[in-house]
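What follows is a short report on a single structure.
The values are calculated or read from the model by the stated rules, or taken from the named source; none is laboratory data. Predicted, not measured: the structure shown is a model, and the values here were computed from it. A quick note on method: Cβ atoms are made from the backbone with ideal geometry, for glycine too, and the neighbour counts reach across all protein chains shown. All accessible areas refer to the heavy atoms of the entire protein, side chains included, with ligands and DNA or RNA removed. Shrake-Rupley method; radii C 1.70, N 1.55, O 1.52, S 1.80 Å.
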Amino acid sequence: MYLFKTVQDYSNFLQHLDGDSTSIGFVPTMGALHDGHLSLIKASKEQNALTVCSIFVNPTQFNESTDLLKYPRTPGKDIELLASAGCDVIFMPSPEEVYPPGVDLASPIPPSDLVSGMEGQFRPGHFEGVVQVVKRLLDIVQPARLYMGQKDYQQAAIIGWMIQSLELPVELVVCPIMREEDGLAMSSRNVRLERDIRARATLLHQTLTAVKEKLNESSIQDLKALALGNLSQKDFRPEYFEIVDGVSLQPLEKINATDFVVACTAVWAGEVRLIDNMILQSGA
Ligand code: AMP
């Protein structure tokens, strides 16, 4: 496994590959890796000759400086995990490498339909930062396929839009959410949950499951009320629970208005903000 910290070193490595025959699969991460991240590495390894994982805690996507400071960082353990998962290349740049002065970092502004709701509403500027960093990393890494998790549903949809609108020569592969045994979606932030809150954090998955089960018996309004009620418990505070069209991300008034229905939520669990989602209905 190679570890590169500079764009120059990675580019030198790229030049020595046989560009035509080596397909690169790319997994961008912010480190503090868990089995969710490793599932993306596994998917990439199955489909590509070479798998590159980046570890970069991107300052431009944090709208709160304390969140950036508190973001868990475990580089030694991450390297070990990636080596045992069979990752070929780790790209671990500094902010100066990613955002050097003099480099054109212009990235497209996502349409407000995609960014104004859900995460975008509560984390202003977040997706502009995500689009900027993913565009920059794609320019550097030059993959054939990009692997992202359904865990960050809105993010994957926005990156899909960026790839389409810029006609980038990369295929987006969205991988399923990996969960702990009790249903909590794996997340780097989970290690920050207090023990007793962690024990009850399965609430998000339970609520999404309950909503899915009641999909055909209740109105959207009743489902949302049920979910927000369920999620408002001691130490838990929902920020949003939305039922949206899986492509446009627009909130639905009626379930039968579309074939592809997704529920997305963000909930404060003590001091930690958790997000989760579930596809409620897909395909005609
Ligand atoms: P992050 O390090 O949180 O930026 O995540 C890097 C990538 O891993 C993103 O594409 C996430 O959607 C994905 N990811 C995070 N958690 C999970 C999970 N529990 N299951 C699958 N993919 C995940």
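Near the amide H of M178, within less than 5 Å, lie the amide hydrogens of M186, all on another chain or at least 5 residues away, with H placed in the peptide plane.
Averaged per residue, what accessible area in Å² does the stretch 34-115 show with a 1.4 Å probe, protein chains only? Heavy-atom accessible area per residue stands at 49 Å². Taking each DSSP H run with n ≥ 4 as -39500 (n - 2.57) and averaging over every residue of the chain yields -11000 deg cm²/dmol at 222 nm.
Over the chain, what portion of Cα pair distances is larger than 34 Å, expressed as a whole percent? The share of Cα pairs beyond 34 Å in the chain comes to 20 percent. The relative contact order of the chain, computed from alpha carbon pairs under 8 Å that lie at least 6 residues apart in sequence, is 17 percent. Note on the stretch 90-201: Cα Rg divided by 2.2 N^0.38 Å, N the number of residues, gives 1.22. Spin-label pair V57-L228: with each label point 7 Å from Cα along the Cα-Cβ axis, the two points sit 3.4 nm from one another. Exceedance of the 25 Å cut-off in Cα-Cα distance is limited, within the set K42/K224; K42/K214; K234/K254; K45/K135, to K42/K224; K42/K214; K234/K254. Packing-based ranking of 8-18, 157-167 yields 157-167, 8-18, ordered from highest to lowest mean Cβ neighbour count within 10 Å. Calculated accessible area for the stretch 142-256 comes out at 51 Å² per residue, all protein chains present (probe 1.4 Å; ligands, DNA, RNA ignored).
Counted over the stretch 128-172 with a bin width of 10 Å, the fraction of Cα pairs per bin, in whole percents, is 27, 65, 8.
Taking the convex hull of the alpha carbon positions in the stretch 1-77 and averaging its projected area over all directions gives 6.2 nm². Surface composition of the chain: carbon and sulfur atoms hold 51% of the protein heavy-atom accessible area at a 1.4 Å probe. Computed from phi, the 3J(HN,Hα) profile of the stretch 67-74 under the Karplus parametrisation 6.51, -1.76, 1.60 (θ = phi - 60°) reads 5, 5, 5, 7, 4, x, 10, 9 Hz, with x in place of Gly and Pro.
Can you list the residues, at least 5 places off or on another chain, whose amide H is less than 5 Å from the amide H of Y240, using H built in the peptide plane? So Y240 has HN proximity to A266.
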